[in-house]
Amino acid sequence: MAESRVMLITGTRKGIGKYLAEYYVKRGFRVIGCSRSPVEYELENYRHFCLDISDESKIVQMFVEIRESYEKLDVVINNAAINPSIIPAILMPTSSLNSSFQVNFLGTFLVSREAAKLMMRGQFGRIINFASMAVRLEVPGESIYTATKAAVISFSRVFAKEIHRLGITCNVVAPAAIETDLSAAVDADALAEVLKRNAVQSFGEMADVSNTIDWLIKPESQAITGQVIYLGGV
Amino acid sequence: MADQEKVSRVVFEVIDEINKQLKDGKTLKQSEETVLFGKGGVLDSLGLVNLIVTAEQRVTKEFGVNVTLVDEKAMSEKVSPFKTIGTLSEYITKLLAEKSNG
């Protein structure tokens, strides 16, 4: 029997990241997760790293350990993100901009870069980065969060072109609003108003995300790269 | 501290590994003067990326230190660290010495 596939998911302490860790462990993956704080759950075939994904040395060291323990990496899901200040840009503290870009963009970049180095040896890899419906809907109060996700999209599209020769694809999934701590920070009425602009006007489900990822990470999906998939009919 | 001789040995091992992956009869001669990339070089851009990644991983394994071979410093060197096998060995030795001196 072929050895099970290895997946790294960032931001697995809660929300979509936790759901994906549980989902892919059940599907037979060996899952590695990370977050700033420890997780309060235990899963078989799951290993957790406590780190800040914008800390380059910690990320590099995590990949050294992944290489030594698993000798390969098949899939990366860059899920970790923050949205510290939902306020008009005219009042936006610079610290919110810095922390948002550090986690949402720099973190995604560092993990993608190190993952590609490991994946290239096996001539196979699937990198999934997360954006947001906010990029298309341009929601007031979310200027910086939206800008970080737009940066993720631009980076992913160029990166996809650079790494396809290595057998690696890179795609972006932009979930519709899903009930998580991140969406709970948004005013409920404002969120309902924004969702009215989508084809699917209700909250998205975690399963919508895993269903999309299932398709993107299939070995047969080698021709699907550099794409941005908006869920919810944004 | 890593001596140049040990670094050279590690780099030659990296070259062995790269040679196994090269196609169309291409091969990198085990010599300090062998040009890696650019005019007279054997590697294309993808081959150079592969060499750099493999070298970083081998250095980490052999010396227990994480190094990043491509950074602003590497770009600003008068002679590219990736020009020949010899310049690559010298650059890695220099990086390890800097790490060792804190």
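Conditions tested, residue by residue: (1) in a helix (DSSP H, G or I); (2) more than 19 Å from A:Lys218 (Cα to Cα); (3) touching a Phe, Trp or Tyr at 6+ places or on another chain (Cβ under 9 Å).
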residue: A:Ser95; (1), (2), (3): yes, yes, no
residue: A:Asn98; (1), (2), (3): yes, yes, no
residue: A:Gly107; (1), (2), (3): yes, yes, no
residue: A:Met119; (1), (2), (3): yes, no, no
residue: A:Ile144; (1), (2), (3): yes, yes, yes
residue: A:Val152; (1), (2), (3): yes, yes, yes
residue: A:Asn171; (1), (2), (3): no, no, no
residue: A:Ala176; (1), (2), (3): no, yes, yes
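Within segment A:43-64, can you find the residues that are within 11 Å of chain B (Cβ to nearest Cβ) and either free of Cβ contacts under 8 Å to residues at least 12 places away in the same chain or under 16 Å from the mean Cα position of the chain (by Cα) (or both)?
A:Ser57, A:Lys58, A:Ile59, A:Gln61, A:Val64
Every residue in segment B:64-89 that is in a loop (DSSP other than H, G, I, E, B), more than 17 Å from B:Val53 (Cα to Cα) and in contact (Cβ under 8 Å) with a residue 12 or more places away in the chain, please. Outline the logic, then answer.
Initial filter on segment B:64-89 (in a loop (DSSP other than H, G, I, E, B)): B:64-71, B:77-83.
Now restrict to residues that are more than 17 Å from B:Val53 (Cα to Cα): B:77-79.
B:Glu77, the sole residue that qualifies.
Taking the condition of being in a loop (DSSP other than H, G, I, E, B) and either among the hydroxyl-bearing types (Ser, Thr, Tyr) or within 14 Å of chain B (Cβ to nearest Cβ) (or both), how many residues in segment A:65-92 meet it?
Of all residues in segment A:65-92, those in a loop (DSSP other than H, G, I, E, B) come to A:71-74, A:79-88, A:92.
Now drop any that are not either among the hydroxyl-bearing types (Ser, Thr, Tyr) or within 14 Å of chain B (Cβ to nearest Cβ) (or both), which leaves A:71-73, A:85.
Final tally of qualifying residues: 4.
Just to verify a result, which residue in segment A:115-134, among those that are free of Cβ contacts under 8 Å to residues at least 60 places away in the same chain and farther than 20 Å from A:Gly17 by Cα, is nearest to the other protein chains (Cβ to nearest Cβ)?
A:Lys117
Can you tell me which residues in segment A:209-232 are part of a loop (DSSP other than H, G, I, E, B) and either surrounded by 13 or more Cβ atoms within 10 Å (Cβ to Cβ) or in contact (Cβ under 8 Å) with a residue 40 or more places away in the chain (or both)?
Within segment A:209-232, A:Ile217, A:Ile224, A:Thr225, A:Gly226, A:Gln227, A:Leu231, A:Gly232 qualify.
Take B:Thr60 and tell me if it is free of Cβ contacts under 8 Å to residues at least 12 places away in the same chain and either closer than 25 Å to A:Gln123 by Cβ or touching a Cys at 6+ places or on another chain (Cβ under 7 Å) (or both).
On the way: free of Cβ contacts under 8 Å to residues at least 12 places away in the same chain: yes; either closer than 25 Å to A:Gln123 by Cβ or touching a Cys at 6+ places or on another chain (Cβ under 7 Å) (or both): yes.
In short, yes.
Identify all residues within segment A:45-70 that are among the acidic types (Asp, Glu) and either touching a Ser or Thr at 6+ places or on another chain (Cβ under 6 Å) or at pLDDT 95 or above (or both); write none if there are none.
Let us first name the residues in segment A:45-70 that are among the acidic types (Asp, Glu), namely A:52, A:55-56, A:65, A:68.
Answer for segment A:45-70, where residues must be among the acidic types (Asp, Glu) and either touching a Ser or Thr at 6+ places or on another chain (Cβ under 6 Å) or at pLDDT 95 or above (or both): A:Asp52, A:Asp55, A:Glu56, A:Glu65.
The values are calculated or read from the model by the stated rules, or taken from the named source; none is laboratory data. What you are looking at is a predicted structure, and each value in this text was computed from that prediction instead of being measured. Reconstructed Cβ throughout: ideal geometry from the backbone, glycine too, with neighbour counts over all protein chains shown.
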